[in-house]
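Presented below is the structure to which this report refers.
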Amino acid sequence: MAKTAKKKRAAKRVKKKAAVAQRAAKHAASRVPGRSAKPATKKVKAPRKAAAKARSMAAAERRAERAARRKVRAATPRKPAVKVTAAAANGLPNPSGKPFGQAGKALDGVKILDFTHVQSGPTCTQLLGYMGADCIKVERPGVGDITRGQLRDVKGQDSLYFTMLNGNKRSITIDSKHPKGKEILERLIKHCDVLVENFAPGALDRMGLTWEYIHKTNPRMIVASVKGFGPGPYEDCKVYENVAQCAGGAASTTGFRDGPPLVTGAQIGDSGTGLHLAFGIVCALYQRNRTGRGQKVLCAMQDGVLNLARVKLRDQQRLTHGPLTEYSQYGEGIPFGKAVPRAGNDSGGGQPGWILKCKGWEDDPDAYIYFITQAPVWGPICDLIGKPEWKTDPDYATPPARLPRLRHIFNTIEEWTKTMTKFEVMDTCNKHDIPVGPILSMKEIAEEQSLRDTGTVVEVDHPGRGKYLTVGNPVKMSDSITEVKRSPLLGEHTEEILTKVLGYSAEEVAGIKTSGAITAPEKPAKAEAA
Ligand code: COA
């Protein structure tokens, strides 16, 4: 009996201790972590038993407090131990140990179904080819890209128009409207990463190659297009270079104030848009690494030109706040209209500049130099041209004072530049950090050794036409070295692609050949034609 009562009392004590510990734990958990949870205890003289009880309670409290702190620590997210290794960075592999330039090319492994023609699309795919992508150019049997025969300089051979835009590609001929041709294209769509095209609006759909079909056939495929205009009133129009230059705002702002709008020699509509498209494709490839799916990439030529002419849209908005003081018409007191005017050879950057004659200008149409009267080097300019007094003359000493006198100033500088060749002017001015630009003719550029040395101008050999110059990769990369290869002959790689890339057997290839899907249609017999 006594034993049972004793047991009951002990159980009661344990229960009480547990309750105390629980309360203490609750109390500690509500405290700011790290701050001592020791309760302020009043020191009182207690009998031995009471003191022992107090000690054991304090110990229980401390245990509970430690447990609570552990709980708080466990609940607080910890900073991961930072171990910076190349392998850990964004899941990238370890840095290659190979010497720079020997680890392949930037776009190695990327397969392009190149459905481009004329200039804008081919510019894009040639750049991707320079970066290492495998460009499989699909051309119409017997015809090919229309530029093969345009502006021909060597009889019967592919023109420079074609060869200079289609290096680093393979050519396969396929009639995309032939049933067998469609079957081959389906295999190519499954095989490739990107389809690039610049057909007239709707042409790809008419071939049956709609986005829905392509995306279903290969959800990873990126479909990249150049069109003249984006969605809107002109979306169905066919567009060439100069149409885009005019519609993109370049022509209205190019030329002399008193003359008609001018187009520029640089192909900002075609090659410029091809460059934009290449950028879009590379971005889509990068995004695909994350999403696993392809997307449509569209570059309208009007948009591409406007992007390159954006400083003129800047000036259009500035015009609402006052005249454009860096345009020479301001200095000449000619009022501005409602739209940005043509600025002749004025510099677009706010520092007055003009094209000036150099020695030999009477016979050489390119004996000119672009001269910028940049404010920080006004002193050295005055000394060089023999007008040191202009440095302090209030009519010339400051940029605002010079604005109404720019024509006189440039005429005076021209008297000096006419005494030297454009290269002598360049050498003399560069010694004083005066920015000038010799007007280089295409002959001079073709012969310029430094451009050959950097691979910007490259000579390649062609089995039909012999050696020709082309423009290499204007983008230089230290670990992706461009090797410029000649353009392919029409259908040069048809069999190679059918067998080695698409896996057709020799018998199947023979069947495809007789089907008419990869060969030019037979010319009708004379009797029939008549
Ligand atoms: N097999 C069968 N048919 C093919 C083919 C192939 N391999 N390749 C092209 N074709 C067909 C097309 O399907 C199209 O036929 P369709 O109109 O009956 O459907 C036809 O060839 C002509 O294509 P298209 O693009 O209309 O050529 P085009 O010479 O009439 O027009 C452009 C040329 C450049 C004006 C036009 O393609 C265009 O506006 N492109 C977009 C903007 C652009 O890139 N412009 C700059 C060019 S540098």
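Read the figures in this text as sums done on the coordinates, not as results from a lab. Here the structure is a predicted model, which means the values were calculated and not measured. We place every Cβ from the backbone using ideal geometry, glycine too, and count neighbours over all the protein chains shown.
Brief remarks follow.
- Listed residue (Ser328, Gly280, Leu308) projecting farthest to the positive dipole end of the stretch 277-352, Cβ model: Gly280
- Antiparallel %, DSSP beta bridges [both residues in the chain], to 5: 40
- Debye-formula intensities of the stretch 295-399, expressed as log10 I(q)/I(0) at q = 0.11 Å⁻¹, are -0.53 (one equal scatterer per alpha-carbon, no solvent).
- For q = 0.19, 0.29, 0.31 Å⁻¹, Debye-computed log10 I/I(0) when each Cα of the stretch 242-293 counts as one equal scatterer: -0.67, -1.02, -1.09
- Net charge over other residues, Cβ less than 13 angstrom from the Cβ of Leu451 (K, R count +1; D, E count -1): -2
- Filter on Lys296/Lys513; Lys227/Lys485; Lys216/Lys296; Lys105/Lys238; Lys190/Lys485; Lys357/Lys476 - keep pairs with C-alpha separation over 24 Å: Lys296/Lys513; Lys227/Lys485; Lys105/Lys238; Lys190/Lys485; Lys357/Lys476
- Relative protection proxy for 268-281, 415-428, from highest mean packing down: 268-281, 415-428 (other beta-carbon atoms within 10 angstrom).
- For Lys71, a cut-off of 19 angstrom between C-alpha atoms picks up these aspartates and glutamates, skipping any fewer than 8 places away in its own chain: Glu61.
- Put a dot 7 Å past the Cα of Thr519, heading toward its Cβ, do the same for Ala375, and the two dots end up 7.3 nm apart.
- Ordering of 164-174, 104-114 by packing is 164-174, 104-114, highest average first (other Cβ atoms within 10 Å, averaged per residue).
- Placing a pseudo-label 7 Å from each Cα along the Cα-to-Cβ vector at Lys190 and Ala74 gives an inter-label distance of 5.4 nm.
- Order by protection proxy (mean Cβ within 10 Å, highest first), peptides 59-71, 299-311, 481-493: 299-311, 481-493, 59-71
- Förster-model FRET efficiency, 56 Å R0, Phe279 and Met57, C-beta, rounded to 0.05: 0.15
- Straightening the chain between Tyr234 and Lys98 buys 43.9 nm, computed as 0.36 nm per residue apart minus the Cα-Cα spacing.
- About the Cα centre, charge dipole magnitude for the chain (Lys/Arg +1, Asp/Glu -1 at Cβ), debye: 10500
- Computed [θ] at 222 nm, helices only, for the chain once each DSSP H run of length n ≥ 4 contributes -39500 (n - 2.57): -11500 deg cm²/dmol
- Counting Lys and Arg as +1 and Asp and Glu as -1 over every other residue whose Cβ lies under 13 Å from the Cβ of Ser480, the net charge comes to 0.
- Cα centroid separation - the stretch 175-221 against the stretch 415-432, whole Å: 56
- Rg over Rh for the chain works out to 1.25, both radii taken from alpha-carbon positions and Rh defined as the Kirkwood radius.
- Local charge for Pro219 was computed over the other residues whose Cβ lies under 15 Å away, with Lys and Arg +1 and Asp and Glu -1, and equals +4.
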